[in-house]
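K.L.:
I'd like to ask some things about the structure below.
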Amino acid sequence: MIKNRILRRLIPAALMVSAVAVSRPAQAVNYQALVDADTKAFQSYFIKEFPEVKLADYANGVYALNEDSRRQWQEMEEFPPYELDIEAGKALFNKPFANGKSLASCFPDGGAVRGKYPYFDEKRKEVVTLEMAINECRVANGEQPWPGNKGDLAKVSAYMAYISRGQKVDVKVGSKAAYDAYLKGKAFFYGKRGQLNMSCSGCHMEYVGRNLRAEVVSPALGHTTHFPVFRSKWGEIGTLHRRYAGCNENIGAKPFPAQSEEYRNLEFFQTAMSNGLQYNGPASRK
Amino acid sequence: MKKVLSLLSLLVLMPSSPMLLAGPAESSPALIDQAEAARKEAAALGYEWRDTAKLIASAREALQNGNREESDKLASRALVQGREAVVQAKFMEKNWKMMIPAN
């Protein structure tokens, strides 16, 4: 009897508490603020390590750090090895598909859209890169996607990067799904993997400026601004994902395919860390 | 802390870890199957190593050619790699944030 009386009093009180809890609006998480804080910490790391290097100069990769290498690179850039690739990319960009349309039909601003990629597509719930969008345009128009991470795909990407030079890196992370993709990229960047148990950050944060054999290790800050690149080692132009795969090979990890979810998320994270820098691709590298 | 974790991750991955070594009594096909299962588990976690599949393919080829001893050697190496990769994946899944360099 007493028990029932207590219950009769408690139940309405419990209902009131739960009603208040339900009606209280959920605290919205500001995912962009979380990313901005990461970006600030990431960039501060390099600013502290190399106080003499201007932030904007990180867009030039390792050449921001090493004066001798920079001089050689600047001489090479007078007659850039990727010049013909830009021309070929332009022709491919405007070349009509079988249906009469072209890549130019898919992209606004004549293709000067480098600064809009990568982005998180909220409908598809995935990161979309420039190279992915190029191939999706081809498929949507009845063409075969270009294979791999070099050749025609890299040439068109190089042309689009070239006409986008000066655009600001400004990756937006505006939802939980986008933040989840960003976190996956972040975990990839800092996680050690492969037979050598090494991470992206192990080399491109902690060993930046030191020598790996004859080469100076480049900073992760600014990595994504200047791709695709013409690498002397490759003897041709290649995409960022080709470089990712090469790094993974070097540390004894099985590389992921170009445009895999893993590499797109990594690109998404790494590009966000360069927010505020300018796109300056394509570029030449050793 | 990060250095301790890095060292720990390295120790965990040392090939001499007894828990990672294959049982000596396994026959070649069973050893290859175990190696392939470990490789698949590592791949599912996104941490497959570069040479594991190649070692398994070589072990299969050696077995087909009647070279049982060589097959066992290769399959054992593949099994160790597969298991180490799984340990690495699970360790990093929990501890990757500790690998962020101090600012």
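K.L.:
Of all residues in segment A:138-150, which are of a type outside the set (Val, Ile, Thr) and without any contact (Cβ under 8 Å) to a residue 24 or more places away in the chain?
P.N.:
Those that are of a type outside the set (Val, Ile, Thr) and without any contact (Cβ under 8 Å) to a residue 24 or more places away in the chain: A:Gln144, A:Pro145, A:Trp146, A:Pro147.
K.L.:
Here is a further query. Against the definition (touching a residue at least 60 places away in the same chain (Cβ under 8 Å), touching a strand residue (DSSP E or B) at 6+ places or on another chain (Cβ under 6 Å), of a type in the set (Lys, Arg) and more than 11 Å from chain B (Cβ to nearest Cβ)), how does A:Arg264 come out, yes or no?
P.N.:
yes
K.L.:
Among the residues of segment A:255-266, write down those that are surrounded by 22 or more Cβ atoms within 10 Å (Cβ to Cβ) and among the charged types (D, E, K, R).
P.N.:
Once the filter is applied, which keeps residues that are surrounded by 22 or more Cβ atoms within 10 Å (Cβ to Cβ) and among the charged types (D, E, K, R), segment A:255-266 yields only A:Arg264.
K.L.:
A follow-up question, please. Given the conditions (1) touching a helix residue (DSSP H, G or I) at 6+ places or on another chain (Cβ under 9 Å); (2) over 17 Å from A:Pro147 (Cβ atoms); (3) assigned to a helix (DSSP H, G or I), report the number of the one that A:Glu249 does not fulfil.
P.N.:
(1)
K.L.:
Okay, next question. Residues of segment A:157-169 being loosely packed, with under 15 Cβ neighbours inside 10 Å and assigned to a loop (DSSP other than H, G, I, E, B), which ones?
P.N.:
A:Gly166 - this is the single residue of segment A:157-169 that is loosely packed, with under 15 Cβ neighbours inside 10 Å and assigned to a loop (DSSP other than H, G, I, E, B).
K.L.:
I need a count of the residues in segment A:228-256 that are without any contact (Cβ under 8 Å) to a residue 12 or more places away in the chain and within 24 Å of A:Ala161 (Cα to Cα).
P.N.:
The total comes to 2.
K.L.:
Looking only at segment A:229-261, how many residues end up being within 14 Å of another protein chain (Cβ to nearest Cβ) and not β-branched (Val, Ile, Thr)?
P.N.:
15
K.L.:
Name the residues in segment A:173-227 that are part of a loop (DSSP other than H, G, I, E, B), within 14 Å of chain B (Cβ to nearest Cβ), touching a residue at least 40 places away in the same chain (Cβ under 8 Å) and in contact with a Phe, Trp or Tyr (Cβ under 9 Å, 6 or more places away or on another chain), would you?
P.N.:
Once the filter is applied, which keeps residues that are part of a loop (DSSP other than H, G, I, E, B), within 14 Å of chain B (Cβ to nearest Cβ), touching a residue at least 40 places away in the same chain (Cβ under 8 Å) and in contact with a Phe, Trp or Tyr (Cβ under 9 Å, 6 or more places away or on another chain), segment A:173-227 yields A:Gly194, A:Gln195, A:Met205, A:Val208, A:Gly209, A:Val217, A:Pro219, A:Ala220, A:Leu221.
K.L.:
In segment A:208-263, which residue that is at pLDDT 95 or above and hydroxyl-bearing (Ser, Thr, Tyr) is farthest from A:Lys54 (Cα to Cα)?
P.N.:
Only one residue fits best here, namely A:Ser260.
K.L.:
Among the residues of segment A:125-153, which ones are assigned to a loop (DSSP other than H, G, I, E, B) and touching a Cys at 6+ places or on another chain (Cβ under 9 Å)?
P.N.:
Correct list: A:Asn141, A:Glu143.
The values are calculated or read from the model by the stated rules, or taken from the named source; none is laboratory data. Everything quoted here is computed from the prediction, not taken from an experiment. Note: ideal-geometry Cβ built from the backbone for every residue, glycine included; neighbour counts use all protein chains shown.
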